[in-house]
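The values are calculated or read from the model by the stated rules, or taken from the named source; none is laboratory data. Bear in mind the structure is a predicted one, so any value in this text is a computation, not a measurement. A quick note on method: Cβ atoms are made from the backbone with ideal geometry, for glycine too, and the neighbour counts reach across all protein chains shown.
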Amino acid sequence: MKFDYDLFVIGGGSGGVRAARMAAAEGAKVGLAEESRMGGTCVIRGCVPKKLMVFASSYREGFAEARAYGWDAQEGDFHWDRFSGHLNKELDRLEQVYRNLLDGSGVEIIDSRAVVEDAHTVKFANGVTKTAKHILVATGGRPVRPDMPNAHLGIVSDDIFHLPELPKSILIVGGGYIACEFACILNGLGVAVTQFYRGAQILRGFDDEARGLVAEMMRSSGIDLHVGTNIVDLATADSAHAASSTGTGADVGMGAPVEPDKALHAKVTRGTPGKPVWVKATNGREDVFDQVLFATGREPNTHGMGLEKIGVEIGRRGEIVVDAYSQTGVPSIYAIGDVTNRLQLTPVAIREGMAFVETVFKGNPTAPDHDLVPSAIFTQPEMGTIGLTEEAARDQEEIEVYCTSFRPMQQAFAGKSDRVLMKLVVSKATRKILGCHIVAPQAGEMIQLAGIAIKMGATKEDFDRTVAVHPTMSEELVTMRTPTRTA
Ligand code: NDP
């Protein structure tokens, strides 16, 4: 059978674009459809703009530090409009880079939503259909709000980059990557940040000691973080109450005792987003915030894609179920990236795309490797992590833990009480490093490098015989000689 394309990719994010380009480089005729902006979550509404906001927010601390180092630096105001104008231009540039890369590789771009019609056919929004020998679904995911009345009054991470102005106060709901990163960013930009996390400690799934330190540092930087707390109700606050709201705990803030009969309910109306929002928490406290941000997870973009009706299995969280080679139960249809809900990380989606091309277009069946993937959470300070947490490792085998926490030189000189943490989890039997967890400025950069050694199977003794780079924070990773504890 003659097809219009050898490969049709649905979704122009990091994974889809890489797979399309690599397949085209192998001589395949490739089409790619994107319904929104080229570049996907990472480039347009995720990693890239978020990291630029991390940079923007980190300057505030710099003024005080610079003064401690003898500079005459005065703290100025942050101008959101100036920053966001520059940010938008940068995103336009990057989107164009992605388009040029696809064009240059000979991939045909279709600026439209595409859905799957049958095992070899895709259908565009204008009703046109095209056939392809292989279809790759790389449609990513999207943020979800909790299932509660008035949830539309809260914004999600996609909206942050388009705010006309920064709120004075914000409530962030959630304790994952996005919640914690934006809590630090917005706090750094001068927004009064309150964060509710329903569990006992933020960043569930990460090493306990590491996330404990991140939480402590977030609180000491001014974030009003409440664990074991969730939102139970929200509504638009009336303007009279909004005018008195600071969200800092000044009136009925989360840090202040609340009179039970304060009857804030009387002052709220059900209304539209963009207005200050009244919130009630599980502990009964009530407050008003300029914005509420739901950072309560993401769901795969499979809705309305036509996948179930042609026999592609969709999992409990809406994800496309694939085998180790990213192939669905329909042999001509593959899926990669966040839509498969394996590891929701850009570099992983790219690897999955490359493995797909190896398998399908290079005759070299390759399963993407999801083991020992380093990652970073861009909180302030950052957390860099690879491998097992102490908790998971000790369930698996006998371990030694090497851990140190100290005040880093640069901040200590400036009189700050910031602490960093360097931690290695070591197998007693094989001496291999099972996990490495770093909480420090630039921990993302550090874990990338430590990750190479750990991926290669480095032992504690390999770390020990590596000479320290002095004076650095990360030298502690090669100078810890005595286990902090064994388990
Ligand atoms: P996460 O799954 O990491 O966090 C979601 C958070 O919301 C959790 O704390 C969860 O609580 C909480 N939550 C879920 N439902 C509710 C609810 N109904 N009410 C209250 N709280 C709720 O999702 P994110 O959106 O933060 O991030 C999605 C993925 O994106 C991450 O897993 C990560 O892979 C990726 N990402 C990576 C980044 C990086 O590499 N730096 C940055 C940003 C995102 P609980 O823990 O109890 O389930």
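Would you pick out the residues in region 210-224 that are polar (S, T, N, Q) and assigned to a helix (DSSP H, G or I)?
Narrowing region 210-224 to residues polar (S, T, N, Q): 220-221.
Result: S220, single match.
Given A450, A443, A487, which one is surrounded by fewer than 18 Cβ atoms within 10 Å (Cβ to Cβ), among the aliphatic types (A, V, I, L, M) and in contact (Cβ under 8 Å) with a residue 24 or more places away in the chain?
Details: A450 fails: surrounded by fewer than 18 Cβ atoms within 10 Å (Cβ to Cβ); A443 fails: surrounded by fewer than 18 Cβ atoms within 10 Å (Cβ to Cβ).
None of the other options fit; the residue is A487.
Going by the structure shown, is A429 buried (at least 16 other Cβ atoms within 10 Å of the Cβ) and either closer than 19 Å to T389 by Cα or modelled with pLDDT under 95 (or both)? Even if it seems obvious, please write down each step before you answer.
Numbers: buried (at least 16 other Cβ atoms within 10 Å of the Cβ): no; either closer than 19 Å to T389 by Cα or modelled with pLDDT under 95 (or both): yes.
The answer is no for A429.
Residue by residue, here is whether (1) aliphatic (A, V, I, L, M); (2) surrounded by fewer than 18 Cβ atoms within 10 Å (Cβ to Cβ) holds:
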site: A24; (1), (2): yes, no
site: V43; (1), (2): yes, no
site: H79; (1), (2): no, yes
site: L87; (1), (2): yes, yes
site: D103; (1), (2): no, yes
site: G106; (1), (2): no, yes
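Output yes when any residue across region 194-201 is near the ligand (Cβ under 10 Å from one of its atoms) and either more than 19 Å from the chain's Cα centre (by Cα) or basic (K, R) (or both), and no when none is.
yes
Conditions: (1) hydrophobic (A, V, I, L, M, F, W, C); (2) under 18 Å from the mean Cα position of the chain (by Cα); (3) within 13 Å of the ligand (Cβ to nearest atom). F161 meets all but one. Number of the miss?
It fails just one condition, (3).
Looking at region 134-141, can you tell me whether even one residue there is touching a Lys or Arg at 6+ places or on another chain (Cβ under 8 Å), within 16 Å of the ligand (Cβ to nearest atom) and part of a strand (DSSP E or B)? Even if it seems obvious, please write down each step before you answer.
Residues of region 134-141 that are touching a Lys or Arg at 6+ places or on another chain (Cβ under 8 Å), as a first pass: 141.
Filter once more, keeping what is within 16 Å of the ligand (Cβ to nearest atom): 141.
Keeping just the survivors that are part of a strand (DSSP E or B) gives 141.
Yes, because at least one residue in region 134-141 is touching a Lys or Arg at 6+ places or on another chain (Cβ under 8 Å), within 16 Å of the ligand (Cβ to nearest atom) and part of a strand (DSSP E or B).
Inside region 279-302, can you point out the residues that are within 14 Å of the ligand (Cβ to nearest atom) and at positive phi?
The one that is within 14 Å of the ligand (Cβ to nearest atom) and at positive phi: G297.
Given (1) crowded, with 17+ Cβ neighbours inside 10 Å; (2) within 16 Å of the ligand (Cβ to nearest atom), identify the lone condition not met by R113.
(2)
Report whether or not G435 is touching a helix residue (DSSP H, G or I) at 6+ places or on another chain (Cβ under 8 Å), of a type outside the set (V, I, T) and surrounded by 15 or more Cβ atoms within 10 Å (Cβ to Cβ). Explain how you work it out, then say what you get.
Values: touching a helix residue (DSSP H, G or I) at 6+ places or on another chain (Cβ under 8 Å): yes; of a type outside the set (V, I, T): yes; surrounded by 15 or more Cβ atoms within 10 Å (Cβ to Cβ): yes.
So G435 fits the description; yes.
Between a residue in region 160-187 that is more than 20 Å from G384 (Cβ to Cβ) and any residue that is of a type in the set (K, R) and crowded, with 23+ Cβ neighbours inside 10 Å, which pairs come within a Cβ distance under 8 Å, given they are 6 or more apart or on different chains?
F161/R45
Of everything in region 303-341, what is within 16 Å of the ligand (Cβ to nearest atom), surrounded by 18 or more Cβ atoms within 10 Å (Cβ to Cβ), part of a loop (DSSP other than H, G, I, E, B) and of a type outside the set (D, E)? Give them in sequence order. First the steps, then the outcome.
From region 303-341, those within 16 Å of the ligand (Cβ to nearest atom) are 315-319, 336-341; that's our starting set.
Filter once more, so that each one left must be surrounded by 18 or more Cβ atoms within 10 Å (Cβ to Cβ): 319, 336-341.
Among the residues that remain, those that are also part of a loop (DSSP other than H, G, I, E, B) are: 319, 336, 341.
Within region 303-341, I336, N341 qualify.
Looking at region 23-39, can you tell me whether even one residue there is among the small types (G, A, S), closer than 17 Å to R142 by Cβ and within 15 Å of the ligand (Cβ to nearest atom)?
No, every residue in region 23-39 fails to be among the small types (G, A, S), closer than 17 Å to R142 by Cβ and within 15 Å of the ligand (Cβ to nearest atom).
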